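Scroll down for the structure; my scribbles are underneath it.
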Amino acid sequence: MTPERIFQSGALVAGLAVALGAFGAHGLEALLDERGTADTFEIAVRYQFFHALALLACAWRASLGERGAEKAAQAFLAGTAVFSGTLYFLAVTGPRWLGAVTPIGGVLLIAGWILLARGVGRSADEG
């Protein structure tokens, strides 16, 4: 993944978080209130947006040649898809078994942060 692709991914994930947040607050408000899952939907939006910003940080670090930034970005993308995706689905449709899948996304997000931290100052040219 090039720094440009990582940046584009971050921008798209952020834009989608804004759109989903607005849709949840307006288009799905009655459904989420009825189901009592507005908080779950909001957590999904929040984590998606935070990790969109993390992707932008990965793009910046990758553009500096930092080793690990691309792998961190991949972990953030996969983690966001699994973590936020399962929470969105859970909030709207309600299959409780998805609650068992959500932590996998959380582990991927944590891995992304560890990879990003480990790569600080390590260039791709270093062994």
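Values as computed for the structure displayed
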item: Thr93 over 26 Å from Glu4 (Cβ atoms), modelled with pLDDT under 95 and among the polar types (S, T, N, Q); result: yes
item: Filter result for the condition that a residue is in contact with a Phe, Trp or Tyr (Cβ under 7 Å, 6 or more places away or on another chain), assigned to a helix (DSSP H, G or I) and closer than 14 Å to Ser84 by Cβ, over Ala52, Ala44; result: Ala44
item: All positions within segment 44-68 that are closer than 14 Å to Gly21 by Cβ and surrounded by fewer than 17 Cβ atoms within 10 Å (Cβ to Cβ); result: Arg46, Phe50
item: Unmet criterion (only one of (1) over 14 Å from Ala11 (Cα atoms); (2) buried (at least 23 other Cβ atoms within 10 Å of the Cβ)) for Lys71; result: (2)
item: Close pairs from segment 65-94: first closer than 30 Å to Glu34 by Cα, partner among the charged types (D, E, K, R), Cβ under 9 Å, at least 6 apart; result: Ser84/Arg46; Leu90/Arg96; Ala91/Arg35; Ala91/Asp39; Ala91/Glu42; Val92/Arg35; Gly94/Arg35
item: Members of segment 21-59 found to be under 23 Å from Glu4 (Cα atoms) and free of Cβ contacts under 8 Å to residues at least 40 places away in the same chain, listed by number; result: Gln48, Phe49, Phe50
item: Filter result (assigned to a helix (DSSP H, G or I), aliphatic (A, V, I, L, M) and under 22 Å from Phe76 (Cβ atoms)) within segment 1-38; result: Ile6, Ala11, Leu12, Val13, Ala14, Leu16, Ala17, Val18, Ala19, Leu20
item: Every pair of residues 6+ apart whose Cβ atoms lie under 8 Å, when the first sits in segment 1-20 and is touching a residue at least 40 places away in the same chain (Cβ under 8 Å) while the second is outside any helix (DSSP H, G or I) and crowded, with 16+ Cβ neighbours inside 10 Å; result: Ser9/Met1
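The values are calculated or read from the model by the stated rules, or taken from the named source; none is laboratory data. Here the structure is a predicted model, which means the values were calculated and not measured. As a convention, Cβ positions derive from the backbone with ideal geometry for all residues, glycine included, and neighbour counts pool all protein chains shown.
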